[in-house]
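Before any comments, here is the structure.
The values are calculated or read from the model by the stated rules, or taken from the named source; none is laboratory data. This is a predicted model, so every value here is computed, not measured. Positions of Cβ are backbone-derived with ideal geometry, glycine not excepted, and every protein chain shown enters the neighbour counts.
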Amino acid sequence: MYNAIRVAEFGAPAVMQLRSVAIPETLGASEVLVRVAAAGVNPVDTYIRKGNYASLPSLPYTPGKDGAGIVHRIGDSVSKVKAGDRVYLSGSKSGTYAEMTICDVSQVHHLPANVSFEKGASLGVPYATAYRALFQRCRARSAETVLVHGASGGVGLACVQFARVHGLTVIGTASSKSGRELILAQGAHHALDHSNDQYVKEVMDITKGQGVHIVMEMLANVNLEKDLTMIRRHGRIAIIGNRGSLDFNPRAIMSKEAELYGVQLGVLTSEEADEIHAAIWAGLTQGFLDPAVGSVFPLADAARAHEEIIDPPRGAVGKVILRPEIKQ
C-alpha cells in the first residue's frame, strides 16, 4: 500500500483527502512505476479539482501531472529508463500527488544528478509550457523583447530563463518586491509591478515607445486589453492562463495585425514533445535552467498548497511543491 491524495467529488480544496492505495501488481508493457519524491502543483490542478475544466477525470482520482522521483519498476517493453533511475515527469496515468505513480514511458525523463527532486518536480508543465509558448507558438528570436506577466511563478520563471539564454530582452512583472528581486536574479533585464497601472507606461518607456514583440500572458481575462496596447505591430501574445471572460474591441488586434496564440500541452505531437524535453535536458545540464522552488508542503497538506497557488499570501514566488514521504 502507498499514500495518495484522492478526490471523490469536485469542489473546494477540502475534497482532497489522503488515502491508502494498493500498489499495482502488474504494469502495461510501456508503463513505468515511479516512487514520487516531490510533486509539482500547477494552477490547472485547482481548476480540475473544482470541476471547472474542459476535460475532467473520472471520480475518484488522484491529482497532479508534475513530479520527480526514482523508477521503481518498468514494463516489459521499456528501455528508456531502468529501476533506480532519477527522473522527472511530464504527466502521469494515476496522478502525482502520491507516494507512487504510474506513467507511460513517454512521460518519464532523466533527471541530472545535480538537480534536486523538488526542482525536478518544477519542470514538467512550467518549462514545457514556457518553451511551447516562446518558441513553438510565438517563434521567439534573438534581439526581440518579451514581456512576461507573472514572471515570478513557475511558468514565468521558466520563460525568463529560456528567453534570456536565447538572446531576448526580458521584461518581467510581479506584484511583490521579493518576486521582482527573484525575476532579476533569474536573468530578467527589467522587473515591474503589475499591480501598479504605471507598468504599462514603463514598458513603453523601456521600449522607446515601440512596444514589445511578444507577451507571455498568464491571466488573459485581466491583462489582454493592456497587452494589446503594449505590443508593437505584428506583435505576438501567448495566452497561457485565463480565469474568466472579457469584453473588448477586437479592432486593437486588427490595427496592429497582432497574433494571439493559445498554449495547450495536451495537443503536442510526439516530435514537439521530444524537442521540448531535449531543450530542458540541455538547459539543466548546461546550467542555464534552474527551477526556483517556493513553498513546500507535506503530501497531506495538498489543500493548503492549492489555496496558496491560487491566492499566494505574498504573490507567486517559485513553484509550489508537495513532498511525499518515501518508504524504503
Cβ pairs under 6 Å, 6+ apart or interchain, first in the stretch 1-27 and in the same structural domain as P60 (by TED's automatic domain parsing) and closer than 13 Å to T46 by Cα, second at pLDDT 95 or above and exposed (fewer than 12 other Cβ atoms within 10 Å of the Cβ), ordered by first then second residue, are V15/E9
Quick one: how many residues across the stretch 62-84 are part of a strand (DSSP E or B) and either buried (at least 19 other Cβ atoms within 10 Å of the Cβ) or among the small types (G, A, S) (or both)? 6
Which residue, of D85, D66, is touching a His at 6+ places or on another chain (Cβ under 9 Å), closer than 21 Å to A121 by Cα and not hydroxyl-bearing (S, T, Y)? D85
Search result, residues across the stretch 35-55 that are hydrophobic (A, V, I, L, M, F, W, C) and modelled with pLDDT of 95 or more: V36, A37, A38, A39, V41, I48
